[in-house]
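Some notes on the structure that comes next.
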Amino acid sequence: MPANDKIRRSWLLVPMSRPERVLSAHQAGADVVILDLVEFVAEPDKPAAREVVAANLSAVKAGGAEVFVQIDPELMLADLRAAVWPGLNGVVVSRAESAEQIAQIDATISSLESERGLLPGSVEMVAGLETAPGNHNGYEIATASPRNWGLTLGRADLIMDLRPEPSGEIHLMQYLMQRLVTIAAAAGKTPLGASWRHPDRGLLATPANTLAAARRGRAIGFKGSFCVLDNQVAPLNEGFTPTGVEVAAARAVRQAYSDATESGTIAAVSHDGRILTADIARQYANVLALSDAIATREMFKTAAVEGRPVPVP
Amino acid sequence: MADHPRRLKRSGLTMPIVTERFINNAWHRGCDFINMDLEDSVPPNLKDVARNLVRQSIPVVNKGGADAVCRINHDLMEADLNAAVWPGLMMVNYPKAEYAHEIRRMDEIITRLEAERGIRPGAIEIGANIETAVGVANAYEIVSASPRIRDFGGASGYDMSRDLGVEMFVGFDQFVYGKGEVELTARALGVEPHAAPFTPNLTGSVSDPDRAFAEADAARRCGFRIGGGLHPNVVEPQNRGFTPTDDEVADAHWVLEQYRLLSRSGDTWIQTEDATGQPRIIDRYEAARAQELLQWRALCEERDREKSEAISRVRAAEEHAE
């Protein structure tokens, strides 16, 4: 089972070149804020954008969010020097293409961690498999660094120029999404993404479409997704949270299984016409654990917004 | 292979080279290429006869401006190549490609024949058709095996159905995984992918012009450029379906104009409305698509001009002869 210890359902990309977006990012309710130095920063604005990362790392966490910085492997050194400061939770490697590249980024982060007084190994990584070579080398990329926490297709639809089919599905995405989910599970990493359809493109969608994409995405294994607009955050949080109906059903299953197996004489029982085994019951227990972890995460965020002290979970 | 001009392959007819009537009439159909078949449409007892027809048939199929392609037999590769690689041939289609060593062997033979027969080195393309599960498994090594592979696709169709033991004409896509592997391979290695978005086809008709147009149009909208078929009815619909329309050209100019305005603003994207009131996003990706669409349309127009001039020349010469 992939790493499921951290609740990171909504990842809001904020252009580092837009001070007003950076200032308001903590109010959006995102589990993670990504300060972007790549996709949404115009080329001439990049040096100035890098300058202000360090000063904003703690400010964007004011709403209880974690903070990642999205870096460009082509500008790796400049971007990492701008990003790796105390307070940083991780980096998103846009357009990740090879294991060597990930190893190089890992090594650079390590030396910056020791230079700047961060706990060694504390900066995590999410690899963006946004190009064809990146997807082809997905498993090697995923396993190239212990810092790797997650994998995402990011804006692969735009970067690989994948367009809508007559059905409304984005060409090749069903294949790429399932491939990524499988690779991530095999490597013990967390798959991030949502199952977008036409007319959604490049992580842009209405709140309603975002919710639908999150639900479809969760159904094939994604645990959270990137987004671009503040009003996509709530639908992602909702879409990647088990519904009340699911939680109630999971509780009933847990009860039914423990009642039926109490005697220790059987391991498989039928419940509501379905078969239950220990593994299946565990799957439902995971839904309850996820639901509890999300409730804790939300309490933490609420406390942060209200300025109350919060116990570290 | 930047020094080899891109050849358009929107439409193409595959025909048995032993059926003289087909070969002699194909030139005026307006296809981008004509695929002279030595494989499935030629019975085993005629393989030798068929092979001896290729050299003389190349100028016949070329005369209307179509490029000449020859589909060889997987198991008769060396003899077939020897018969097919002559000046005027654009590409050899290799069916049921399964291993990189097959492609490397083909490349060696073609390289030698090019040198012996006065063909520009590297000119002849290899079309490596993936039609079996083994081919899917080895796709990356196959495409890596020769720079003569300039476009790549497959993992669907009759042979794939047979190899997997499934019915071909069903109401859903049975080949999602194999087609995905093959397309990702093409993209990862930087060769042009050819693929078709799935459209349900329960009839299996090879001559329905409306279906041919709908499929070509859907493929073009997904960014694909390569067609081909078995019946003259589908040539014109494929040429049309793979060529951007006037409305799309106007739209591309509009997108590029919006992008010029955007790039002065410091923003990387903007949401706006087009002339029809549709919400549209403008960013560098839309601009790149628009630019590519205009270049592709220009290539299509140039190719159509080339073919119609060639056809007119032949007709004028024929009238003169009478």
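The values are calculated or read from the model by the stated rules, or taken from the named source; none is laboratory data. Since the structure is predicted, the reported quantities are computational estimates derived from the model, not experimental observations. Positions of Cβ are backbone-derived with ideal geometry, glycine not excepted, and every protein chain shown enters the neighbour counts.
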Going by the conditions given, is A:ASP106 under 18 Å from A:MET16 (Cα atoms) and of a type in the set (D, E, K, R)?
no
Name, by its number, the condition in (1) touching a helix residue (DSSP H, G or I) at 6+ places or on another chain (Cβ under 8 Å); (2) over 27 Å from A:ALA212 (Cα atoms) that does not hold for A:ALA268.
(1)
Would you point out which residue out of B:ALA275, B:ALA219, B:ALA214 is touching a residue at least 12 places away in the same chain (Cβ under 8 Å), within 13 Å of chain A (Cβ to nearest Cβ), among the small types (Gly, Ala, Ser) and surrounded by fewer than 20 Cβ atoms within 10 Å (Cβ to Cβ)?
B:ALA214
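Of A:SER94, A:SER122, which residue is within 19 Å of the chain's Cα centre (by Cα), more than 22 Å from A:PHE40 (Cβ to Cβ) and assigned by TED's automatic domain parsing to the domain that holds A:GLN27?
Numbers: A:SER94 fails: more than 22 Å from A:PHE40 (Cβ to Cβ).
When all the criteria are applied, what remains is A:SER122.
Counting just the residues of region A:200-232 that are assigned to a loop (DSSP other than H, G, I, E, B) and hydrophobic (A, V, I, L, M, F, W, C), which one comes out nearest to B:LYS179 (Cα to Cα)?
Let us first name the residues in region A:200-232 that are assigned to a loop (DSSP other than H, G, I, E, B), namely A:200, A:202-203, A:205-206, A:220-224, A:228-229.
Then drop every residue that is not hydrophobic (A, V, I, L, M, F, W, C), which leaves A:203, A:205, A:220, A:222, A:228-229.
Values: A:LEU203: 25, A:ALA205: 28, A:ILE220: 20, A:PHE222: 23, A:VAL228: 31, A:LEU229: 34 Å.
Once the filter is applied, the top-ranked residue is A:ILE220.
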B:ALA298 is checked against (1) more than 24 Å from B:PRO209 (Cβ to Cβ); (2) part of a loop (DSSP other than H, G, I, E, B); (3) away from every other protein chain (no Cβ under 14 Å) and fails just one. What number does that condition carry?
(2)
Give region A:261-287 a look and list any residue that's assigned to a loop (DSSP other than H, G, I, E, B) and modelled with pLDDT under 90, or say none.
A:GLU262, A:SER263, A:GLY264, A:THR265, A:ILE266, A:ALA267, A:ALA268, A:ASP272, A:GLY273
Going by what's in this entry, would A:ARG8 be described as among the basic types (Lys, Arg) and over 21 Å from the mean Cα position of the chain (by Cα)?
no
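Can you say whether B:ARG313 is more than 13 Å from every other protein chain (Cβ to nearest Cβ) and without any contact (Cβ under 8 Å) to a residue 12 or more places away in the chain, as far as the supplied structure shows?
Values: more than 13 Å from every other protein chain (Cβ to nearest Cβ): yes; without any contact (Cβ under 8 Å) to a residue 12 or more places away in the chain: yes.
Yes, satisfied.
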So for region A:125-144 (the condition being charged (D, E, K, R), without any contact (Cβ under 8 Å) to a residue 60 or more places away in the chain and out of contact with any Ser or Thr (no Cβ under 9 Å at 6 or more places or on another chain)), does at least one residue qualify?
no
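Looking at B:ALA212, B:ALA196, B:ALA216 in this structure, which one is closer than 22 Å to B:ALA128 by Cα and either of a type in the set (Val, Ile, Thr) or not in a loop (DSSP other than H, G, I, E, B) (or both)? Even if it seems obvious, please write down each step before you answer.
Working: B:ALA212 fails: closer than 22 Å to B:ALA128 by Cα; B:ALA196 fails: either of a type in the set (Val, Ile, Thr) or not in a loop (DSSP other than H, G, I, E, B) (or both).
Only one candidate qualifies: B:ALA216.
Before we move on, is A:VAL287 touching a helix residue (DSSP H, G or I) at 6+ places or on another chain (Cβ under 6 Å) and of a type in the set (Val, Ile, Thr)?
Values: touching a helix residue (DSSP H, G or I) at 6+ places or on another chain (Cβ under 6 Å): yes; of a type in the set (Val, Ile, Thr): yes.
In short, yes.
Mind checking whether some residue in region B:35-54 is touching a residue at least 60 places away in the same chain (Cβ under 8 Å), under 17 Å from B:HIS231 (Cα atoms), within 21 Å of the chain's Cα centre (by Cα) and buried (at least 22 other Cβ atoms within 10 Å of the Cβ)? Even if it seems obvious, please write down each step before you answer.
Going through region B:35-54, the residues touching a residue at least 60 places away in the same chain (Cβ under 8 Å) turn out to be B:35.
Keeping just the survivors that are under 17 Å from B:HIS231 (Cα atoms) gives B:35.
Still in the running and within 21 Å of the chain's Cα centre (by Cα): B:35.
Cutting the leftovers down to buried (at least 22 other Cβ atoms within 10 Å of the Cβ) gives us B:35.
Checked region B:35-54: at least one residue is touching a residue at least 60 places away in the same chain (Cβ under 8 Å), under 17 Å from B:HIS231 (Cα atoms), within 21 Å of the chain's Cα centre (by Cα) and buried (at least 22 other Cβ atoms within 10 Å of the Cβ).
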Pairs, please: C-beta under 7 Å, at least 6 apart or cross-chain, first residue at negative phi and in region B:12-24, second among the basic types (Lys, Arg) and assigned to a strand (DSSP E or B)?
B:THR14/B:ARG71
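Can you tell which of B:THR276, B:THR272 is more than 30 Å from B:CYS70 (Cβ to Cβ), touching a helix residue (DSSP H, G or I) at 6+ places or on another chain (Cβ under 9 Å) and outside any helix (DSSP H, G or I)? I'd like the intermediate steps shown before the answer.
Numbers: B:THR276 fails: touching a helix residue (DSSP H, G or I) at 6+ places or on another chain (Cβ under 9 Å).
The unique qualifying residue is B:THR272.
Could you please let me know if A:ALA142 is more than 21 Å from A:PRO235 (Cα to Cα), surrounded by 23 or more Cβ atoms within 10 Å (Cβ to Cβ) and of a type in the set (A, V, I, L, M, F, W, C)? Let's see the steps before the verdict.
Details: more than 21 Å from A:PRO235 (Cα to Cα): yes; surrounded by 23 or more Cβ atoms within 10 Å (Cβ to Cβ): yes; of a type in the set (A, V, I, L, M, F, W, C): yes.
The answer is yes for A:ALA142.
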Checking B:GLY118 against (1) of a type in the set (Gly, Ala, Ser); (2) more than 17 Å from B:ARG150 (Cβ to Cβ); (3) in contact with a Leu (Cβ under 7 Å, 6 or more places away or on another chain), which single condition isn't satisfied?
(3)
Could you check B:GLU286 against (1) farther than 16 Å from B:CYS222 by Cα; (2) acidic (Asp, Glu); (3) within 14 Å of chain A (Cβ to nearest Cβ); (4) buried (at least 17 other Cβ atoms within 10 Å of the Cβ) and say which number it fails?
(1)
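Taking region A:150-180, which residues are without any contact (Cβ under 8 Å) to a residue 40 or more places away in the chain and more than 7 Å from chain B (Cβ to nearest Cβ)? Explain how you work it out, then say what you get.
Pass one, region A:150-180, residues without any contact (Cβ under 8 Å) to a residue 40 or more places away in the chain: A:156, A:160-175.
Result: A:ALA156, A:LEU162, A:PRO164, A:SER167, A:GLY168, A:GLU169, A:ILE170, A:MET173.
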Looking at (1) in a loop (DSSP other than H, G, I, E, B); (2) surrounded by fewer than 18 Cβ atoms within 10 Å (Cβ to Cβ), can you tell me which one A:LEU77 breaks?
(1)
Test set (1) surrounded by fewer than 24 Cβ atoms within 10 Å (Cβ to Cβ); (2) within 14 Å of another protein chain (Cβ to nearest Cβ) - A:SER94 fails condition number:
(1)
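For region A:233-260, what are the residues that are part of a loop (DSSP other than H, G, I, E, B) and not β-branched (Val, Ile, Thr)? Please lay out each step first, then the result.
Taking region A:233-260 first, the residues part of a loop (DSSP other than H, G, I, E, B) are A:240-243.
Residues satisfying the conditions are A:PHE240, A:PRO242.
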Right, B:ALA68: among the small types (Gly, Ala, Ser) and closer than 26 Å to B:ILE23 by Cα or not?
yes
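Looking at A:ARG163, A:ARG155, A:ARG201, which is the one that is farther than 18 Å from A:LEU12 by Cβ and among the basic types (Lys, Arg)? Break it down into steps so the answer makes sense when it comes.
On the way: A:ARG155 fails: farther than 18 Å from A:LEU12 by Cβ; A:ARG201 fails: farther than 18 Å from A:LEU12 by Cβ.
The match here is A:ARG163.
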Please return the ranges of helices (runs of 4 or more DSSP H) entirely within region B:61-159 where 3 or more residues are within 28 Å of B:TYR177 (Cβ to Cβ) and of a type outside the set (Val, Ile, Thr).
B:100-116, B:133-137, B:139-144
Only unsatisfied item for A:PRO73, checking (1) without any contact (Cβ under 8 Å) to a residue 40 or more places away in the chain; (2) more than 21 Å from A:SER122 (Cα to Cα); (3) in contact with a Lys or Arg (Cβ under 7 Å, 6 or more places away or on another chain), is (2)
Name every residue in region A:159-186 that is touching a His at 6+ places or on another chain (Cβ under 8 Å) and β-branched (Val, Ile, Thr), in order of residue number.
A:ILE170
Condition set surrounded by fewer than 18 Cβ atoms within 10 Å (Cβ to Cβ) and outside any helix (DSSP H, G or I), scope region B:224-265, selection nearest to the other protein chains (Cβ to nearest Cβ): answer is B:SER265
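Consider B:ALA219 carefully, then state whether it is modelled with pLDDT under 95, within 30 Å of A:ASN135 (Cα to Cα) and hydrophobic (A, V, I, L, M, F, W, C).
no
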